[in-house]
Amino acid sequence: MSDSSLPPSLHTALKDLLGPAGLLTGTDDTASYCTDWRMLYQGRCAAVLRPASTEECAKAVALCAEHSVPMVPQGGNTSMVGGATPDDSGRAVIISTTRMNRIRHIDHGDLTMTVEAGVTLKAAQEAAAREGLMLPLSISSEGSADIGGVIATNAGGNNTVRYGNARELTLGLEVVLPDGNTLNLMRRLRKDNTGYPLRQLFVGAEGTLGLITTAIIQLQPSPRSRETALCAVQSPEQALALFAAFRKHDPSAVLAFEYMSGTSMNLVTTLIDNCTLPLSEPAPAYALVELASTRSDDSLRTLMESVLEQAFEEELISDAVLAESETQRQSLWMIREEHAEAQKRAGASVKNDVSVPLSAIPAFITEATQRCEALIPGIRVAPFGHIGDGNIHFNLVQPEGGDSQAFLSQDHAIMDTVAEIVRKYDGSFSAEHGVGQLKTYMMPSWRGGAELATMEKIKAALDPHNLMNPGKIFPAA
Ligand code: MLT
Ligand code: ZN
């Protein structure tokens with residue numbers, strides 16, 4: 001990972017183009033870009049490029065393409081699936097979006113934000129909030145994840161149940177293609193049937209077709225009232241029944257509906273500071289529900305209380321706590337948001353970001369739990385996630401005190417087991433995290449010949465030399 005791993009003429013040209021702040025070489029400066037946040041994927045790179053504008057980015061990409069140097073786009077580096085980590089050949093450059101970080105415009109009439117790829121999701125949310133608006137995409141890693149990354153991976157998260165994934169919120173895009181040309185799709189139209197919706201190709205493509213530099217995102221008016229409750233339930237069935245009860249009363253009121261297994265909650269309350277269970281005793285599982293409205297009257301409170309009251313009567317829930325202040329609301333959300341961090345602290349884990357039809361969630365969780373427990377005695381089955389979307393993070397944590405490498409050496413066996421049950425219920429093995437480097441070994445059979453072949457044709461048309469984020473999504477050649 002020294003300067004010499006870039007062809008000398010390319011090194012000189014990139015140095016002239018990007019300046020000292022825009023070109024990092026050498027192990028010390030590039031190491032943190034070469035591994036993911038869990039440090040599960042390790043790669044090497046020839047350099048990290050940090051362009052400060054679309055123009056610089058396009059020129060840098062053109063130079064790399066001329067020299068046949070592979071490029072790995074990287075945003076906040078929060079991928080769960082190694083989507084932004086280079087391989088270990090040391091040939092690729094990482095193109096970091098960090099310095100393209102301006103919020104260009106917030107439009108109150110159109111309800112849009114024009115924003116560069118390197119702005120963190122949290123900074124974008126805060127900018128919208130300062131203007132009385134809401135950017136309705138919320139994920140646990142929003143403090144680091146950036147706009148380019150969340151769009152490239154079609155991130156979902158906590159508000160998908162009401163506002164959809166990043167795809168539904170993305171109106172316009174600007175993308176640097178693998179040959180260095182810039183594709184300007186910066187429209188802010190709700191309706192636009194002028195041929196193929198090209199921008200959709202880049203949403204969720206995980207940087208394999210081009211590098212997103214700027215986006216136009218849909219906003220919403222800020223809610224004036226929110227009601228948030230954490231409920232103790234006996235099972236995923238009960239959590240789903242509670243969701244159905246809220247949906248029946250007012251589907252438009254539900255902003256988030258999250259599930260947490262007792263095992264996963266226990267990791268949070270034992271391993272994360274300032275996270276205590278705000279209920280009288282631990283339960284087999286929990287549901288976190290948030291209602292939100294632009295009305296400022298007390299109708300949401302009435303709705304929350306009446307649904308929970310009925311749920312108590314029907315024994316759907318055994319306990320519940322309602323946030324009485326913004327601080328309490330944030331504490332409830334902190335408990336949910338710390339699940340990924342708690343699982344990281346608990347040792348090695350195998351993540352399965354699965355999606356199944358809502359009705360199949362209880363059977364899926366029961367069967368997958370039994371099969372994984374039979375496969376590895378002592379394994380900690382710690383599912384949680386966006387149950388209102390049918391998206392469960394069916395994560396498995398190593399046995400307590402066990403050997404993490406030994407556990408990880410069984411990751412394929414674990415994922416195969418889970419994938420088989422996901423297939424049985426007609427689900428997907430990636431709901432919102434993407435494919436990245438994970439599980440590509442099973443893509444041929446998983447996707448079906450024609451589906452994979454069509455994706456390969458699109459990839460070949462836009463990136464004939466396989467230079468943009470090679471080794472991701474598609475099975476290794
Ligand atoms: C989350 O929802 O917190 C993350 O997507 C999940 C994970 O750690 O698997
Ligand atoms: Zn999630």
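Go through (1) within 16 Å of ligand 1 (Cβ to nearest atom); (2) at pLDDT below 95 for residue 136 and report which single condition fails.
With respect to (1) within 16 Å of ligand 1 (Cβ to nearest atom); (2) at pLDDT below 95, residue 136 is out only on (2).
Using the structure shown, decide if residue 109 is buried (at least 22 other Cβ atoms within 10 Å of the Cβ) and away from ligand 1 (no atom under 16 Å from the Cβ).
Judged against the criteria, residue 109 is not a match.
Can you name every residue in region 152-164 that is closer than 18 Å to residue 94 by Cβ and either open to solvent by less than 10 Å² (accessible area, probe 1.4 Å) or within 13 Å of ligand 1 (Cβ to nearest atom) (or both)?
Of everything in region 152-164, just one residue is closer than 18 Å to residue 94 by Cβ and either open to solvent by less than 10 Å² (accessible area, probe 1.4 Å) or within 13 Å of ligand 1 (Cβ to nearest atom) (or both), namely 153.
Of all the residues that make up region 73-106, how many are over 17 Å from the mean Cα position of the chain (by Cα), part of a strand (DSSP E or B) and crowded, with 22+ Cβ neighbours inside 10 Å?
The qualifying residues number 4.
The rows are residues; the columns are (1) of a type in the set (Gly, Ala, Ser); (2) more than 22 Å from the chain's Cα centre (by Cα); (3) open to solvent by less than 20 Å² (accessible area, probe 1.4 Å).
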{"position": "267", "(1), (2), (3)": "no, no, yes"}
{"position": "275", "(1), (2), (3)": "no, yes, yes"}
{"position": "280", "(1), (2), (3)": "yes, yes, no"}
{"position": "293", "(1), (2), (3)": "yes, yes, yes"}
{"position": "296", "(1), (2), (3)": "yes, yes, no"}
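Just to verify a result, which residue in region 128-142, among those that are over 16 Å from the mean Cα position of the chain (by Cα) and touching a residue at least 40 places away in the same chain (Cβ under 8 Å), is farthest from ligand 2 (Cβ to nearest atom)?
So the residue we want is 132.
Within region 438-470, work out how many residues are surrounded by 22 or more Cβ atoms within 10 Å (Cβ to Cβ) and modelled with pLDDT under 95.
Residues in region 438-470 being surrounded by 22 or more Cβ atoms within 10 Å (Cβ to Cβ) and modelled with pLDDT under 95: 1 in total.
Hey, does region 241-258 have a residue that's of a type in the set (A, V, I, L, M), open to solvent by 60 Å² or more (accessible area, probe 1.4 Å) and within 16 Å of ligand 2 (Cβ to nearest atom)?
No; the residues of region 241-258 include none that is of a type in the set (A, V, I, L, M), open to solvent by 60 Å² or more (accessible area, probe 1.4 Å) and within 16 Å of ligand 2 (Cβ to nearest atom).
Give the residue that is most open to solvent (accessible area, probe 1.4 Å), with candidates limited to residues of region 169-191 that are farther than 24 Å from residue 461 by Cα and free of Cβ contacts under 8 Å to residues at least 40 places away in the same chain.
Within region 169-191, the match that is most open to solvent (accessible area, probe 1.4 Å) is 191.
Under 20 Å from residue 277 (Cβ atoms), open to solvent by less than 30 Å² (accessible area, probe 1.4 Å), out of contact with any Lys or Arg (no Cβ under 9 Å at 6 or more places or on another chain) and part of a helix (DSSP H, G or I): does that describe residue 317?
No: the conditions fail for residue 317.
Are any residues in region 320-333 part of a helix (DSSP H, G or I) and away from ligand 1 (no atom under 12 Å from the Cβ), and if so, which ones?
326, 327, 328, 329, 330, 331, 332
Out of 348, 287, 374, report the one residue that is closer than 30 Å to residue 403 by Cβ and within 16 Å of ligand 1 (Cβ to nearest atom).
Just a single option satisfies the conditions, and that option is 348.
Hey, could you check region 377-387 for residues that are open to solvent by less than 10 Å² (accessible area, probe 1.4 Å) and aliphatic (A, V, I, L, M) and say which is nearest to ligand 2 (Cβ to nearest atom)?
387
If you take just the helices (runs of 4 or more DSSP H) that sit entirely in region 1-72, which of them hold at least 3 residues that are open to solvent by less than 50 Å² (accessible area, probe 1.4 Å)?
Fully inside region 1-72 and qualifying: 8-22, 54-66.
What's the number of the condition residue 54 fails, among (1) more than 22 Å from residue 474 (Cβ to Cβ); (2) in contact with a helix residue (DSSP H, G or I) (Cβ under 6 Å, 6 or more places away or on another chain)?
(2)
I'd like to verify a number: residues in region 382-433 that are hydroxyl-bearing (Ser, Thr, Tyr) and over 22 Å from the mean Cα position of the chain (by Cα), how many?
4
From the list 392, 361, 421, 414, which residue is hydrophobic (A, V, I, L, M, F, W, C), part of a helix (DSSP H, G or I) and within 16 Å of ligand 2 (Cβ to nearest atom)?
On inspection, the qualifying residue turns out to be 361.
For region 339-347, indicate whether the set of residues that are within 16 Å of ligand 2 (Cβ to nearest atom) and among the hydrophobic types (A, V, I, L, M, F, W, C) is non-empty. Spell out how you get there, then give the answer.
Step one: list which residues in region 339-347 are within 16 Å of ligand 2 (Cβ to nearest atom), which gives 339-344.
Adding the requirement that they be among the hydrophobic types (A, V, I, L, M, F, W, C) leaves 340, 342.
Yes, region 339-347 contains a residue that is within 16 Å of ligand 2 (Cβ to nearest atom) and among the hydrophobic types (A, V, I, L, M, F, W, C).
The values are calculated or read from the model by the stated rules, or taken from the named source; none is laboratory data. Note that the structure is predicted; figures quoted are calculated from it, not measured. Positions of Cβ are generated from backbone atoms using ideal geometry, with glycine treated the same way; all protein chains shown enter the neighbour counts. All accessible areas refer to the heavy atoms of the entire protein, side chains included, with ligands and DNA or RNA removed. Shrake-Rupley method; radii C 1.70, N 1.55, O 1.52, S 1.80 Å.
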